[in-house]
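Encoded as structure tokens, the structure appears first; notes follow it.
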Amino acid sequence: MSTADLFQQHVLPTYGRFPLVPVRGTGCRLWDDAGKSYLDFCTGIAVCSLGHCHPRLVEAIRDQAGNLLHCSNLYQIPKQAELAEEINTHHVRLPGKIFFSNSGAEANDGLIKSARRFGHKHPQPDGSPRFEVITFRQSFHGRTLGSMSATGQAKIQEGFDPLLPGFRYLPYNDTVAIEAGIHPETAAVLLEPIQGEGGVNMATPEFLRSVAAVCKKHDLLLLFDEVQAGFGRCGDAMAWRMIAPEILPDGISWAKGMGGGVPIGAFWLNDRAIDDSGTPLSSLMGPGSHGSTYGGNPLVCAASLAVLQEIREKELASNALLMEVRIRETIRSWKLPAITEVRGSGLLLGVGLDPGLIPAPEGKTPALLVVTKLMEHGLLVPPAGPNTIRLLPPLNVTEAEIDEALAIVRKVLGEFN
């Protein structure tokens with residue numbers, strides 16, 4: 001029985017899957033069950049930061065699996081502590097504490113719970129808790145009930161009413177709206193410095209600074225979702241620093257690229273004092289406030305530590321910036337009518353498509369049509385909304401691999417004039 005038949009009979013159809021059966025990967029290359037080779041500029045949707053089967057990652061997983069796969073968070077796990085130190089010292093570079101989860105959605109749920117806890121400790125003038133988290137239109141924060149409720153896209157939420165209360169969606173990059181959008185019950189603002197699933201929309205410096213100023217003025221938590229954008233993909237360990245480096249967030253969520261392919265996520269809370277007695281924000285999530293059976297187990301922490309050390313030691317964030325320049329200059333030189341713009345930063349880039357020049361058949365968006373054609377020519381990329389394709393290669397991608405992928409993009413998009 002084929003893989004497709006097994007899926008049809010036994011797996012919930014929650015994904016619109018392409019007819020591709022990957023069986024092996026090395027670096028930037030992926031092979032299917034028929035032996036066809038692909039350049040992988042999807043990388044599990046920004047997950048495989050080092051490409052497929054990177055030797056350092058494979059060795060870390062193999063070594064840890066031979067010693068200890070899992071133990072309870074009732075005990076102190078050495079690799080978890082080492083990973084937290086790596087993140088705090090070398091990536092965030094701010095004092096804070098970290099909770100390890102299994103995914104980005106779970107990490108965002110942790111930030112939402114932290115905002116609720118903060119709102120209880122710092123209530124409204126009448127003593128009732130603050131609970132509202134402001135997010136933004138076209139955002140994507142996950143598919144758990146909490147993270148889905150925080151997501152500012154109706155199509156993600158359709159059919160799952162009633163949603164978790166306590167969220168309001170404002171227009172992205174609108175400084176006037178954020179200034180006017182604070183209510184007495186508002187406790188936090190949660191945003192992606194670069195919206196990935198929403199179309200690769202990058203926050204402006206003015207917008208991020210306005211959000212930070214509003215949070216300070218109204219005693220709100222400033223929370224960044226860097227699940228897709230974090231750990232070097234956008235040209236810095238932290239994506240917000242590419243936009244407004246002077247900003248000091250209260251919380252950050254991560255997942256995807258931090259594990260290189262193993263299921264790990266995390267959220268970070270600042271150690272800053274939140275009252276006159278010096279109570280650290282991070283202390284609000286104390287024993288019993290949150291938990292995860294598998295979160296931060298020895299295996300995933302060993303893998304993530306290897307990935308983040310490789311990114312840092314090999315300066316792969318800088319490589320992401322160099323490759324961004326190469327991609328932008330090459331695409332600009334084509335002057336193809338089907339391409340409207342290139343958005344994003346580093347190796348989280350969105351190529352905007354002109355829907356008027358790409359006549360997609362009924363039931364298919366221009367982005368899905370282009371993604372399918374690129375796959376036929378040996379290049380894997382994901383869509384980001386109806387009129388955008390994403391370029392998400394490994395952070396250690398080479399110039400030759402960039403050039404090979406762009407040649408395929410030009411061939412496919414050159415057909416639409």
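Of everything in the stretch 277-289 that's surrounded by 16 or more Cβ atoms within 10 Å (Cβ to Cβ) and out of contact with any Lys or Arg (no Cβ under 6 Å at 6 or more places or on another chain), which residue is nearest to Phe118 (Cα to Cα)? Working first, answer last.
Kept after step one, since they are surrounded by 16 or more Cβ atoms within 10 Å (Cβ to Cβ), are these residues of the stretch 277-289: 280-282, 284-285.
Among the residues that remain, those that are also out of contact with any Lys or Arg (no Cβ under 6 Å at 6 or more places or on another chain) are: 280, 285.
On the way: Pro280: 11, Met285: 9 Å.
By that ranking, first place goes to Met285.
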Item to check | Residues (outside any strand (DSSP E or B), of a type in the set (D, E, K, R) and closer than 25 Å to Glu313 by Cα) located in the stretch 83-111 | outcome: Glu85, Glu86, Arg93
Checklist entry - Can you find even one residue in the stretch 249-259 that is in contact (Cβ under 8 Å) with a residue 60 or more places away in the chain and of a type in the set (Phe, Trp, Tyr)? => result yes
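Has the stretch 155-167 got any residue that is under 24 Å from Gly346 (Cα atoms) and modelled with pLDDT of 95 or more? First the steps, then the outcome.
Going residue by residue through the stretch 155-167, those that are under 24 Å from Gly346 (Cα atoms) are none.
No; the residues of the stretch 155-167 include none that is under 24 Å from Gly346 (Cα atoms) and modelled with pLDDT of 95 or more.
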Next on the checklist: Quick check on the stretch 31-41. Is at least one of its residues at positive phi and surrounded by 13 or more Cβ atoms within 10 Å (Cβ to Cβ)?
Outcome noted: no
Next on the checklist: Could you tell me how many of the residues in the stretch 220-255 are in contact with a helix residue (DSSP H, G or I) (Cβ under 9 Å, 6 or more places away or on another chain), surrounded by fewer than 24 Cβ atoms within 10 Å (Cβ to Cβ) and of a type in the set (D, E, K, R)?
Outcome noted: 2
Checklist entry - Looking only at the stretch 113-170, which residues are within 21 Å of Val211 (Cβ to Cβ), of a type in the set (Lys, Arg) and out of contact with any helix residue (DSSP H, G or I) (no Cβ under 9 Å at 6 or more places or on another chain)? => result Arg116, Arg137, Arg168
Item to check | Scope the stretch 10-30; condition buried (at least 22 other Cβ atoms within 10 Å of the Cβ) and within 17 Å of Arg390 (Cα to Cα); matching residues | outcome: Cys28
Checklist entry - Checking Leu190 against (1) under 22 Å from Asp109 (Cα atoms); (2) without any contact (Cβ under 8 Å) to a residue 24 or more places away in the chain, which test does it fail? => result (2)
Checklist outcome for this item: Taking the stretch 361-394 and keeping only residues that are closer than 14 Å to Leu413 by Cα, under 22 Å from the mean Cα position of the chain (by Cα) and in a loop (DSSP other than H, G, I, E, B), one is left with Val381, Asn387
Item to check | Conditions (1) surrounded by fewer than 23 Cβ atoms within 10 Å (Cβ to Cβ); (2) closer than 26 Å to Ala188 by Cβ; (3) of a type outside the set (D, E, K, R); (4) touching a strand residue (DSSP E or B) at 6+ places or on another chain (Cβ under 8 Å): number failed by Val47 | outcome: (2)
Checklist entry - Any residue in the stretch 276-295 that is under 19 Å from Tyr75 (Cβ atoms) and either among the aromatic types (Phe, Trp, Tyr) or in a helix (DSSP H, G or I) (or both)? => result yes
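Name the residue, out of Asn270, Asn173, that is surrounded by fewer than 24 Cβ atoms within 10 Å (Cβ to Cβ), in the same structural domain as Asn88 (by TED's automatic domain parsing), within 30 Å of Leu299 (Cα to Cα) and at pLDDT 95 or above. Walk me through it before giving the result.
On the way: Asn173 fails: within 30 Å of Leu299 (Cα to Cα).
So the residue among Asn270, Asn173 that is surrounded by fewer than 24 Cβ atoms within 10 Å (Cβ to Cβ), in the same structural domain as Asn88 (by TED's automatic domain parsing), within 30 Å of Leu299 (Cα to Cα) and at pLDDT 95 or above is Asn270.
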Checklist entry - For the stretch 111-145, what are the residues that are touching a strand residue (DSSP E or B) at 6+ places or on another chain (Cβ under 8 Å) and of a type in the set (Val, Ile, Thr)? => result Ile112, Val133, Ile134, Thr135
Checklist entry - In the stretch 42-51, is there at least one residue being in contact with an Asp or Glu (Cβ under 9 Å, 6 or more places away or on another chain), in a strand (DSSP E or B), closer than 26 Å to Gly104 by Cα and not assigned by TED's automatic domain parsing to the domain that holds Val227? => result no
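Yes/no matrix, rows are residues, columns are (1) surrounded by fewer than 20 Cβ atoms within 10 Å (Cβ to Cβ); (2) more than 20 Å from Met242 (Cα to Cα):
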| residue | (1), (2) |
| --- | --- |
| Asn319 | no, no |
| Arg328 | yes, no |
| Gly344 | no, no |
| Leu347 | no, no |
| Pro359 | yes, yes |
| Lys364 | yes, yes |
| Lys373 | yes, yes |
| Gly378 | yes, yes |
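The values are calculated or read from the model by the stated rules, or taken from the named source; none is laboratory data. What you see is a predicted model; the values in this text were computed from it and never measured. Ideal geometry is used to build each Cβ from the backbone, glycine not excepted, and the neighbour counts take in all protein chains shown.
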